[in-house]
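Enquirer: Quick one: the structure is below, and I'll ask about it shortly.
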Amino acid sequence: MAIYHCSIKIISRGKGKSAVAAAAYRAGETLTNQFDGITHDYTRKGGVVHTEILLPDHAPAEYADRDTLWNAVEKIEKAKNAQLAREIELALPVELTREQNISLVREYIKQHFVAAGMCADICVHDTGSGNPHAHVMLTMRPFEQGGEWGAKQKKEYIPDK
């Protein structure tokens, strides 16, 4: 039986975090943060079995590159305590194949986040220990139709009457 796990976090400079560092760790890559000049090398990290970036149709094509995308996020957010990205961590069913899990995550993220204008960085981890999971980093700002960053969105909750 599948075990459900989902956690959602904010990656924020105010908490001493960096979107570039977070993306490098989750993808098992080396990325340099142009905001602070620090290079983050996680190429020795094991268990990263799939990575991809999903973009809305009107996002600039160069943001399909992880380094370009997250450095652009670091650049657009000026505040020292800026919220840089959302991260969703999802457990994946061991009953599905790796390809089925990747497809499941991809379609869910496209439908619920990319369709709303957000860029999504998907990294699937599986060390073979029975805990396959996905880390999905989402931009806080959507892309507008002209290919420019939009304003951060705040959701209003209206109580039922």
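The values are calculated or read from the model by the stated rules, or taken from the named source; none is laboratory data. A quick note: this is a predicted structure, and the numbers were derived from the prediction, not measured. Counting neighbours? That spans all protein chains shown, and the Cβs are built from the backbone with ideal geometry, glycine included. Each accessible area value is taken on the protein alone, full model and side chains, heavy atoms only, with ligands, DNA and RNA left out. Shrake-Rupley method; radii C 1.70, N 1.55, O 1.52, S 1.80 Å.
Enquirer: Rounded to the nearest 20 Debye, what is the dipole magnitude of the chain about its Cα centre when Lys and Arg each give +1 and Asp and Glu each give -1 at the C-beta? Present the calculation step by step, with values, prior to reporting the outcome.
Expert: Working: 20 positive and 21 negative charges, 138 e Å.
Dipole of the chain, to the nearest 20 debye: 660 debye.
Enquirer: Here's something else I'd like to know. Taking the chain as a Gaussian network, Cα atoms linked when under 10 Å apart, which of LEU96, LEU54, LEU84 shows the biggest mean-square fluctuation?
Expert: Result: LEU96 has the largest fluctuation of those listed.
Enquirer: Using a ≥ b ≥ c from the Cα gyration tensor of segment 1-68 (square roots of the eigenvalues), is it rounded, prolate or oblate, where a/c under 1.5 gives rounded and otherwise the larger of a/b and b/c decides, a/b for prolate?
Expert: Rounded is the answer for segment 1-68, as its axis ratio a/c remains below 1.5.
Enquirer: Computing the accessible area with a 1.4 Å probe over protein heavy atoms, can you report the carbon and sulfur percentage for the chain?
Expert: Numbers: 4840 of 9480 Å².
Answer for the chain is 51 percent, counting heavy atoms of protein chains only.
Enquirer: Still on this structure: Let me know the shape class of the chain, please: from the alpha-carbon gyration tensor, a ≥ b ≥ c as square roots of the eigenvalues, rounded when a/c is under 1.5, otherwise prolate if a/b is greater than b/c, or oblate.
Expert: Values: a/c = 1.60, a/b = 1.18, b/c = 1.36.
In terms of gyration-tensor shape, oblate.
Enquirer: Specify the residue with the greatest mean-square fluctuation among ASN81, ASN101, ASN71, computed from a Gaussian network of the chain linking alpha-carbon atoms under 10 Å apart.
Expert: Comparing ASN81, ASN101, ASN71 in the GNM, the peak value goes to ASN81.
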